[in-house]
Amino acid sequence: MPHYYLEGLNCEWSLVRESQTSSKFKVKLEECIYHLDVHYTSSASVTVNIVAIGDDVAIDKSVITELMEDLESVVLKHGNYGVIDYSMSVCPQVFEGNYSINQKKREIFNRDFHR
C-alpha cells in the first residue's frame, strides 16, 4: 500500500511499521541506509532514534539537514510538533525482531508489581 505522504521528499523513504504513537522507517540517502524510529509524544516534541548502517559512514551537517527536512514533513502529518529531539548512531548492521516475554514472569510481575 503506498504511503503518499512519503512521496516527493529529498530521500527515498519506506515505512516499516506504524502504530498510533510511533513509526519505523528505512530511508535511503545517497548510498547509505538509515533506520528511523519515531515516537510521537503528547508534547510539542517528537523523539527520533536514527541509525546509519555501514562501516565507513560519514555523517555531516548536509546529511542531517536533508534527513531533518524530510522528517519535518513526516512528523507534521501526525501533529503540530515544534521540536525533533533525536539521537544518531552509526553501526555496521541492524537486526530487527521481537521477543516474546515469558508468560510465567508476566504473571509474577503482574501479581507483585501491578496491583
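The values are calculated or read from the model by the stated rules, or taken from the named source; none is laboratory data. Keep in mind it's a predicted model, so treat the numbers as computed, not measured. FYI the Cβ positions are ideal-geometry reconstructions off the backbone, even for glycines, and counts take in every protein chain you see. Areas reflect the complete protein model, heavy atoms only, side chains present, ligands, DNA and RNA absent. Shrake-Rupley method; radii C 1.70, N 1.55, O 1.52, S 1.80 Å.
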_Charge-dipole axis of region 1-82 as Lys and Arg at +1 and Asp and Glu at -1 on Cβ define it, positive-most pick from 25, 78, 36_ = 78
*If only Cα atoms are counted, what is the Rg of region 49-115, and what is its Dmax, in Å?*
18.9, 51
*Report the extension gain between residue 102 and residue 26 in nm, rounded to one decimal, defined as 0.36 nm multiplied by the number of residues separating them, less their alpha carbon distance.*
24.3 nm
*Restricting things to alpha carbons, find the Rg to Rh ratio for region 9-53 using the Kirkwood radius for Rh.*
1.01
_Vicinal HN-Hα couplings computed from phi for region 83-89 (Karplus, 6.51 cos²θ - 1.76 cosθ + 1.60; Hz; Gly/Pro x)_ = 9, 9, 8, 10, 10, 9, 9
*Quick one: if you take sqrt(5λ) for each eigenvalue of the C-alpha gyration tensor of the chain, what semi-axes come out, biggest first, whole angstrom?*
30, 19, 14
*Across region 21-33, in residue order, what do the Karplus-derived ³J(HN,Hα) couplings come to in whole Hz, using 6.51 cos²θ - 1.76 cosθ + 1.60 with θ = phi - 60° and x for Gly and Pro?*
10, 7, 9, 10, 10, 10, 10, 9, 10, 6, 9, 10, 9
*Taking H placed 1.01 Å from N in the peptide plane, check which residues at least 5 places from residue 22 or on another chain put their amide H under 5 Å from its amide H.*
40
_How big is the dipole moment of region 11-115 about its Cα centre under a simple scheme where the beta carbon of each Lys and Arg is +1, that of each Asp and Glu is -1, and everything else is neutral? Debye, nearest 20, please._
920
*To the nearest 10 square angstrom, how much accessible area does residue 60 have with a 1.4 angstrom probe?*
80
